[in-house]
Amino acid sequence: MKFMIDSHAHLDDEKFNYDREGVLKGLYENQIAYVINPGSDLETSKSAVELSHEYDFIYSAVGVHPHEAEDFTEEIYEEIKKLAKEKKVVAIGEIGLDYYYDHSPREIQKEVFRKQLNLAKELNMPVIIHTRDAQGDTFDILNEFKGEVTGVMHCYTGSVEMAEKYMKLGYYISIAGPVTFKNAVNVKEMVKTIPMEKLLIETDSPYLTPTPNRGKRNEPKFVKYVAETIAELKEIPLTDVIEHSRENTKNLFKLEGIAFED
Ligand SMILES: [Zn+2]
């Protein structure tokens, strides 16, 4: 199998505290060449950046997740901005809207989302978008930045129609573990319609563990199950899925000088 990129994993998560080094050292023998590690608040953004400074195969992103939007302050904004300029920080994320949990009031979520999109625009960086039960507002806000900001719809499980709208705005569509779930019929049908030029793969570790490992902690090496499922659904060779997804990831995050030993 060829080397893959896991385009979204939270390796700084406390679920990796007892064996992080082992997991990271095992990536290479499991054909994982690179990982993008996003933050979800100031603390995790800091630890994401630290990890990416410590390991050459990790890149990071910084941002405040909609769950944490309520605690967003001017000071946090300035800190995130400072972090975004650090070496190996390749995106602003994950940011977005979450109306499923509604951990923060929607108006505040939108305000914090726009603020960080403006930051991405100012720094000319891509964004990593989290959206749940908020497709309409998410699209409208991203559309306000049309031609100025693009990025990736992370762990996308939405409709074909919305995917088309996001792709028209210049966004990539990233597919995670849910595509492997037996009853995820809509996700499977949607994936068939996404052109390979627009597709990324990810794990969202430690969450959303793909079949056949559901119930276990997710790890970047399980991204192969996502790739294999996409290959089956699209009836194309696995190699195509891996090569396209890693090339797309490289282009989106402007990962200059990365190489694959296969
Ligand atoms: Zn995530």
Collect the residues in segment 231-246 that are part of a helix (DSSP H, G or I) and open to solvent by 80 Å² or more (accessible area, probe 1.4 Å), keeping them in residue-number order. Glu232
Here are the criteria: (1) assigned to a loop (DSSP other than H, G, I, E, B); (2) open to solvent by less than 60 Å² (accessible area, probe 1.4 Å); (3) not small (Gly, Ala, Ser). Tell me which single one Leu83 does not satisfy. (1)
Pairs returned, first residue in segment 192-204 that is over 15 Å from Tyr225 (Cα atoms), second residue that is of a type in the set (A, V, I, L, M, F, W, C) and in a loop (DSSP other than H, G, I, E, B), beta-carbon separation under 8 angstrom, 6 or more apart or interchain, are Met196/Ile236
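Looking only at segment 7-27, decide whether some residue is surrounded by 18 or more Cβ atoms within 10 Å (Cβ to Cβ), within 16 Å of the ligand (Cβ to nearest atom), closer than 16 Å to Glu219 by Cα and without any contact (Cβ under 8 Å) to a residue 40 or more places away in the chain.
Checked against the condition, which is being surrounded by 18 or more Cβ atoms within 10 Å (Cβ to Cβ), within 16 Å of the ligand (Cβ to nearest atom), closer than 16 Å to Glu219 by Cα and without any contact (Cβ under 8 Å) to a residue 40 or more places away in the chain, segment 7-27 yields at least one hit.
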Strands (runs of 3 or more DSSP E) within segment 102-212 that include 3 or more residues open to solvent by 20 Å² or more (accessible area, probe 1.4 Å): 127-132
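I need the full set of residues from segment 36-80 which are part of a loop (DSSP other than H, G, I, E, B) and either in contact (Cβ under 8 Å) with a residue 40 or more places away in the chain or open to solvent by less than 10 Å² (accessible area, probe 1.4 Å) (or both), in order please.
Pro38, Gly39, Ser40, Gly63, Val64, His65, Phe72
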Does at least one position in segment 191-213 carry a residue that is closer than 22 Å to Ile92 by Cα, within 16 Å of the ligand (Cβ to nearest atom) and touching a Cys at 6+ places or on another chain (Cβ under 6 Å)? yes
Does segment 251-259 include one or more residues that are within 27 Å of Val149 (Cβ to Cβ), under 15 Å from the mean Cα position of the chain (by Cα) and free of Cβ contacts under 8 Å to residues at least 12 places away in the same chain? yes
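The values are calculated or read from the model by the stated rules, or taken from the named source; none is laboratory data. Treat the numbers as computed from the prediction; the structure is a model and nothing was measured. We place every Cβ from the backbone using ideal geometry, glycine too, and count neighbours over all the protein chains shown. SASA here: full protein model, heavy atoms, side chains in, ligands and nucleic acids out. Shrake-Rupley method; radii C 1.70, N 1.55, O 1.52, S 1.80 Å.
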